[in-house]
Amino acid sequence: MCVARLLWSPELLRYDFGPGHPMAPARLDLTMRLVAELGLLDQPSLEVGDVDPADDAVVQTVHDPEYVAAVRRAATTGQPDPARGLGTEDDPVFATMHEAGARLVAASVDAAESVWSGRVAHAVNVAGGMHHARRGAASGFCIYNDAAAAVQRLLDLGADRVAYVDLDAHHGDGVESIFWDDPRVLTVSVHQDGHTLFPGTGNPADIGGTAAQGTAVNVALPPRTDGGRWLRALDAVVPAVVREFGPQAIVSQHGCDAHGNDPLTDLDVSVDAQRTAARWVHDLAHEVARGRWVALGGGGYAVVDVVPLVWASLVAEAAHVPLPPGLQLPAAWRHEVEELSGLDPAERLGTGEAEWRPWSDGYDPSDDVDRAILATRRHVFPTWGLDPYRD
Ligand SMILES: [Zn+2]
Ligand SMILES: [Zn+2]
């Protein structure tokens, strides 16, 4: 049996807002070229699956029918619909936007079905993770919310509890809003403070609706938080609440725009730290959810030196053939990247194991990251019977 399923088709490159838009299909193209050159597609532990765009009924499990009709209308007429976030600077209208968005949804829903059935333990959709889309509006480069659709499919298949872990530099506001009042879904988002970055939400005091207190968890980190302190924040919050919640499946979003080279954000999280975080989520899925793990892509706009490295590593992690830190990147891939982009890609996969200090080492009130961690723990931990101050 394969351990992991990778959802991929070149058709996924048609999610394209046009020249100059940060969400360039090249990020997926360069990732899949690296996945191929690393030999991952030849691994017996990895299967590759393709999908057609999702039917309206599937898209409408997390979106209003009126919104889906509006996306089709805008795509056909080319007319903006700013009240629904369509035809904006972030989400320009393009002719195949409904099909492109619905294909991402189908891939993430397939991933959810594949892990729930037990046919594979893990499933990866690097083209997914469109976490900003709302029930009734596009937002932040996201047309349809495939991440929410994967969570909803797990619920519809019978899961009582699903944990969603969002590592993107931006707050996972769309997924949070869709499940705000649903006690069956724990959303945990670790992101750059909304006072300093789009979409402006994700404050530690936001912990879920009245019927679901404690099931929204937000860690809002200051600009320039580095990889070691980002891992410290993850470790101080994510495993504790996920263990208490006890999910039957984990859906994670691996937007890699927290890297210091990313042009859209101000965090400074190395490739090594992001690889470590993926390993932690994987380990957590085995510990608490019988291995059921759906891993999605997300943001990431340093398309040569960050995105392919982080996401190829994610695929390898899910296939149980993790790449060693500092691995020499294949010469053939580096050559392809030079030809395609004119840029000189990284020679190695990071520099080594990321270093970090656990929360149990003690709280430093003069450290702004520690204050951010404590704020989240104070707001959320008591609802789970956990001690905000100590592990
Ligand atoms: Zn992002
Ligand atoms: Zn595994």
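The values are calculated or read from the model by the stated rules, or taken from the named source; none is laboratory data. Only a predicted model underlies this, so the values are computations on that prediction, with no experimental measurement involved. As a convention, Cβ positions derive from the backbone with ideal geometry for all residues, glycine included, and neighbour counts pool all protein chains shown. The accessibility values were calculated without ligands, DNA or RNA, using every heavy atom of the protein model including side chains. Shrake-Rupley method; radii C 1.70, N 1.55, O 1.52, S 1.80 Å.
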Discussion item. Can you give me the distance in nm between label points at D56 and R390, each placed 7 Å from the Cα along the Cα-to-Cβ direction?
Written reply: 5.9
Worksheet item: Helices from the chain with mean Kyte-Doolittle at least -0.5 and a Cα length along the axis of 24 Å or more, per DSSP H: which?
Response: 97-117, 227-245, 271-288
Discussion item. Ignoring ligands, DNA and RNA, please state the percent of accessible area on the chain from carbon and sulfur, probe 1.4 Å.
Written reply: 49
Worksheet item: About its Cα centre, what dipole magnitude does the chain give when the only charges are +1 on Lys and Arg Cβ and -1 on Asp and Glu Cβ, stated in debye to the nearest 20?
Response: 740
Worksheet entry | Kirkwood-based Rg to Rh ratio, the chain, C-alpha trace | 0.94
Item to complete: Express the accessible area of region 141-274 per residue in Å², computed with a 1.4 Å probe while the remaining protein chains stay in the model.
Response: 26
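Counting pairs of alpha carbon atoms under 8 Å apart in space and at least six apart in sequence, what relative contact order in percent does region 1-148 give? Please list the in-between numbers first.
On the way: 255 pairs, mean separation 44.2, N = 148.
That works out to 30 percent.
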Discussion item. To check you understand DSSP bridge types, tell me what percent of the beta bridges within the chain (both residues inside) are antiparallel, rounded to 5.
Written reply: 10
Worksheet, complete the sentence: Net charge near H282 (other residues with Cβ under 14 Å of its Cβ; Lys, Arg +1; Asp, Glu -1) is +1
Discussion item. Taking amide H atoms as placed 1.01 Å from N in the peptide plane, list the residues 5 or more away in sequence, or in a different chain, whose amide H sits under 5 Å from that of V124.
Written reply: R5, L6, L7, A295
Worksheet item: Taking 0.36 nm per intervening residue step and subtracting the Cα-Cα distance, what contour gain separates S360 from R243 on full extension?
Response: 40.4 nm
Worksheet entry | Anisotropy class of region 133-234 from Cα gyration tensor, a/c 1.5 cut | prolate
Worksheet item: For a paramagnetic label modelled at 7 Å from the Cα of T351 toward its Cβ, which residues of region 215-246 fall within the zone defined by backbone nitrogen distances under 17 Å?
Response: 225-231
Worksheet item: Using the scaling law 2.2 N^0.38 Å as the reference, what is the normalised Cα Rg of region 244-391?
Response: 1.20
Response to the item:
Between the modelled labels at R135 and R290 (7 Å from Cα along Cα→Cβ) the distance in nm is 3.1
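Quote the relative contact order of the chain in percent (integer), defining contacts as alpha-carbon pairs under 8 Å separated by 6+ residues.
Once normalised by length, the contact order is 18 percent.
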Worksheet item: Going by accessible area, probe 1.4 Å, with all protein chains left in place, what is the ranking of R184, R84, largest first?
Response: R184, R84
Discussion item. Taking the Cα of V48, stepping 7 Å toward and past its beta carbon, and measuring to each backbone N in region 298-331: which are under 19 Å?
Written reply: 308-323, 330-331
Response to the item:
At R0 = 51 Å the Cβ-Cβ FRET efficiency linking A95 and R371, nearest 0.05, sits at 0.60
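Can you sort E66, E336 by solvent-accessible area, 1.4 Å probe, largest first?
Solvent-accessible surface, decreasing: E66, E336.
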